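First up is the structure itself, then whatever we jot down about it.
Readers should treat all values here as calculations from the given coordinates under stated rules, not as data from a laboratory. Small disclaimer: the values here were computed from a predicted structure and weren't measured. Cβ sites come from the backbone with ideal geometry, for glycine too, and all protein chains shown count toward neighbours.
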Amino acid sequence: MTVKNRIASFTYAFKGIRDLFTTQPNAKIHATVAILCLITAWYFQLSRMEWCLIIFAIFSVLAAEAFNTGLEHLTDLVSPDFNELAGRTKDVAAAGVLLTAMGAATVGLIIFLPKFYALFTSM
């Protein structure tokens, strides 16, 4: 592969990211929650390990949303008419995003709840 091909592959990936965030309402919601988490993490001065866990959780959810969107596009391409199996495919892909978001939320609760508790009990 040439350098030109590598650069093109990054261009396509960034085009996909732009498409994800401009066309998918759930991606926008995930991004908004991610920004709020990062602001909260900065406020509470998380440890290096906590930062790693939060960042990993955020990017896992965003990646799951991207995979889900790709599967939805592909499913629509190969099965434009209603098809039960196509619907089940989309449902399972959406379940993957939900499970990833639930895991990320759990990480966030484990990290942030004690910090909020300490903040509000010290007032």
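What angle do you read, to the nearest 10 degrees and between 0 and 90, between the alpha-carbon axis of helix 3-23 and the longest principal axis of the chain?
70
Of Lys4/Lys90; Lys15/Lys90; Lys28/Lys115, which pairs sit farther than 29 Å apart, going by alpha carbon to alpha carbon? Please list the in-between numbers first.
Numbers: Lys4/Lys90 35 Å; Lys15/Lys90 22 Å; Lys28/Lys115 27 Å.
Flagged as over cut-off: Lys4/Lys90.
Take the alpha carbon gyration tensor of region 3-121, find the square roots of its eigenvalues, order them as a ≥ b ≥ c, and report rounded if a/c is under 1.5; if not, report prolate when a/b exceeds b/c, else oblate.
Oblate shape, in that a/c is at least 1.5 and b/c is the bigger or equal ratio.
What is the extension gain from Leu74 to Phe116, computed as 0.36 nm multiplied by their sequence separation minus the C-alpha to C-alpha distance, in nm to one decimal?
10.9 nm
Given R₀ = 25 Å, what would the calculated FRET efficiency be for Phe67 paired with Lys4, taking r from the Cβ atoms and rounding to 0.05?
It comes out at approximately 0.40.
Gaussian network model of the chain, Cα springs within a sub-10 Å range: biggest mean-square fluctuation belongs to which of Asp81, Asp19, Asp91?
Asp81
Within 10 Å of each residue's Cβ, count the other Cβ atoms and sort Phe44, Phe116 from fewest upward.
Lowest count first: Phe116, Phe44.
Please arrange His73, His30 by how many other C-beta atoms lie within 10 Å of their C-beta, fewest to most.
His73, His30
Relative contact order for region 3-121: what percent, with Cα pairs under 8 Å and sequence separation of 6 or more?
28
Is the shape of region 6-46 best called rounded, prolate or oblate, per the rule: a/c under 1.5 gives rounded, else a/b larger than b/c gives prolate, else oblate, with a ≥ b ≥ c the square roots of the Cα gyration tensor eigenvalues?
Here region 6-46 falls in the oblate category.
Which angle from 0 to 90°, rounded to the nearest 10, does the C-alpha axis of helix 48-78 make with the longest principal axis of the chain?
Taking the Cα atoms of the chain, the angle to 48-78 is about 20 degrees.
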